[in-house]
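These notes are about the structure you will find just below.
The values are calculated or read from the model by the stated rules, or taken from the named source; none is laboratory data. Since this is a predicted model, take the numbers as computed values, not measurements. Cβ atoms come from the backbone with ideal geometry, glycine included; neighbour counts cover every protein chain shown.
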Amino acid sequence: MTKVAGNNGFRLVFHKTVKIVTIILLICPAYSTAADWKLTPQLRLVETYTDNVTLDTQGNEKSDFITQVNPGVSLTGDGPRLKVNINYIMQNLFYAKMSNRNRTAQQLNATANAELIKNFFFLDSTANISQRNISLLGPLPDTNENITGNRTNVKTYSISPYIRHNLSNFASTEARYTHNEISTGAAGQAGTQSDAILFSLTSGSSFREVGWGLNYNKRKLDSRDRSIENERYTGNLSYRISSKFSLTGTSGYQKYSYTSTTGLSAGSFWTAGFVWAPTARTNITANTGKAFFGTTYTLAASHRTRRSAWSLNYNQNITTTRDQFFIPPTTDTASFLNQLWTSNIPDPLMRQQTVDTFIRDNGLEASIFDPINFFTNQFFLQKRLQASVALSGARNTLIFSIFHMLREPQTAGDANDAALIGTNSIGLNGSIKQIGGNVSWNWKIGPRTTANVGGRFIRSSILATGREDDTKNFTVGLTRQIQPKLNGAVNLRHIERTSNQIGSDYRENALIASLTMSF
């Protein structure tokens, strides 16, 4: 059964968000009154026809009409020492034929940042409620409309007070504590919490040619049946050869308290590389080195022109499914959309709806977020390469993105993991490879009308079992500003998956019409 209601969890996260914002406002009322506050209620009405609401195999498809009545509200506060951004939507889904599956999905994205003591004491906080697919082995819908049993709530919350202080021009210091919690509707990951501390000392402006830094991080992750610690000591140096080129290096020690399947969970590490910024619009950072899990490489390259933005990134690190839920959208891809479309779509409501619809319907989450393979308690080594380019004309925006990702387990799957994916853990204990790409085209037809076309392809391979799935997504749609605060959209989507695993193929065609009103 698809579980997306989660009202108790919503109330918990929402109450914590309200509590944090209230505390900030009470602690620094002068800052809150100086901020520019804006409250915007919104209502979105959506009607969807789908020929395969359950994403079932050929011959077992079930068509349905889905009506959505989705009220929402956004609250923003922007001041010199306080920034608040809260967006909430109550998604109410009503099915014409499968009315017993009517349900409500809560969606929340909230951030608050405050400077409690000027230039010294700060506070960051976030809260999020969203719905995610549990496992690659099941159907993979992009929205909550489909009924698959493979989708559940994910609720996250974090609070991070920290002190930052400059020691004249000699150095800057930071001491930070971060507490976060996560809960899901999936068995085996009901709830975990993490507590982390960070201490850093970084060279100041008096060091013109040689820069340096010292860092200490420690994190403890607690779940209902185990506790794992991660500790890291880091020192770094940089040498400025010219105003455009610097050499960099790091060295340190890192250890995890988990039992590793490779026999290694701690050791020293080092990296060596460079930072090159030949122009104000071009930046390349590259490193190579050694860690306890092997040779490491990182690359972050970007280039911008007046009408284009290019990026190439590669990184590898030890991470978890849990960590992925706390990763914010990648700045590059998100900024591509926002920066390149700002001049083309002057109305803020229409621009935001177009961006949101474009991201969702063209599957750009795959290039903005790290894909979630499984809800698992494992640690794994992730290696990810991604390239993106956005081209913008007077009336057009074209985006290409491709990626290659490999995840290698560092810890064994357990009973909870088997419960999460509904099978034994053989596939979970092997490496998983994903390759894919998407292309998206946005065309401003007229002053109030835009069109978008998008396609996406992802191939997922579970190397231990030989299973291979190809998922394709195609969308085409129109968005029109009917009135200053009323927008309409019509979208057609096609989803198809082919697999070498019998009984895993499906396809869907859907027509979606929507109206969005702000007040």
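Some notes on this structure:
- Selection from the range 381-410 of residues that are in a loop (DSSP other than H, G, I, E, B) and among the basic types (Lys, Arg): 395
Here's the yes/no breakdown for (1) part of a strand (DSSP E or B); (2) hydroxyl-bearing (Ser, Thr, Tyr); (3) surrounded by fewer than 19 Cβ atoms within 10 Å (Cβ to Cβ); (4) in contact with a helix residue (DSSP H, G or I) (Cβ under 8 Å, 6 or more places away or on another chain):
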position	(1), (2), (3), (4)
116	yes, no, yes, yes
123	yes, no, no, yes
129	yes, no, no, yes
141	no, no, no, no
147	no, no, no, yes
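- Residue list for the range 231-265, restricted to those being under 12 Å from residue 410 (Cβ atoms) and either surrounded by 14 or more Cβ atoms within 10 Å (Cβ to Cβ) or of a type outside the set (Gly, Ala, Ser) (or both): 256, 258, 259, 260, 261, 262, 264, 265
- The lone exception for residue 278 - which of (1) surrounded by 14 or more Cβ atoms within 10 Å (Cβ to Cβ); (2) over 25 Å from the mean Cα position of the chain (by Cα); (3) part of a strand (DSSP E or B); (4) not hydrophobic (A, V, I, L, M, F, W, C) it fails: (1)
- Test for residue 221: is it of a type in the set (A, V, I, L, M) and closer than 21 Å to residue 179 by Cα: yes
- Test: residue in the range 489-498 that is more than 30 Å from residue 463 (Cβ to Cβ), of a type in the set (A, V, I, L, M, F, W, C) and either modelled with pLDDT under 95 or crowded, with 16+ Cβ neighbours inside 10 Å (or both): yes
- Candidates in the range 449-472 are the residues that are closer than 15 Å to residue 435 by Cβ and crowded, with 21+ Cβ neighbours inside 10 Å; of these, the one that is farthest from the chain's Cα centre (by Cα) is 462.
- Residue list for the range 502-519, filter: in contact (Cβ under 8 Å) with a residue 24 or more places away in the chain and surrounded by fewer than 18 Cβ atoms within 10 Å (Cβ to Cβ): 503, 504, 505, 507, 509, 511, 513, 515, 517, 519
- Picking from residues in the range 39-83 that are within 29 Å of residue 500 (Cβ to Cβ) and acidic (Asp, Glu), the one that is surrounded by the fewest Cβ atoms within 10 Å (Cβ to Cβ) is 51.
- Checked against the criterion of being at pLDDT 90 or above and β-branched (Val, Ile, Thr), the candidates 445, 421, 426 yield just one match: 445.
- Residue identified as of a type in the set (Val, Ile, Thr), modelled with pLDDT of 90 or more and either more than 22 Å from residue 112 (Cα to Cα) or more than 21 Å from the chain's Cα centre (by Cα) (or both) among 134, 129, 147: 147
- Some residue of the range 174-189 being more than 23 Å from the chain's Cα centre (by Cα) and surrounded by fewer than 17 Cβ atoms within 10 Å (Cβ to Cβ): yes
- Search result, residues across the range 88-114 that are among the hydrophobic types (A, V, I, L, M, F, W, C) and either buried (at least 20 other Cβ atoms within 10 Å of the Cβ) or under 15 Å from the mean Cα position of the chain (by Cα) (or both): 93, 105, 108, 110, 112, 114
- Taken as a whole, the condition of being closer than 15 Å to residue 397 by Cβ and assigned to a strand (DSSP E or B) applies to residue 450.
- Among (1) in a strand (DSSP E or B); (2) under 19 Å from residue 382 (Cα atoms), the one test that residue 264 misses: (1)
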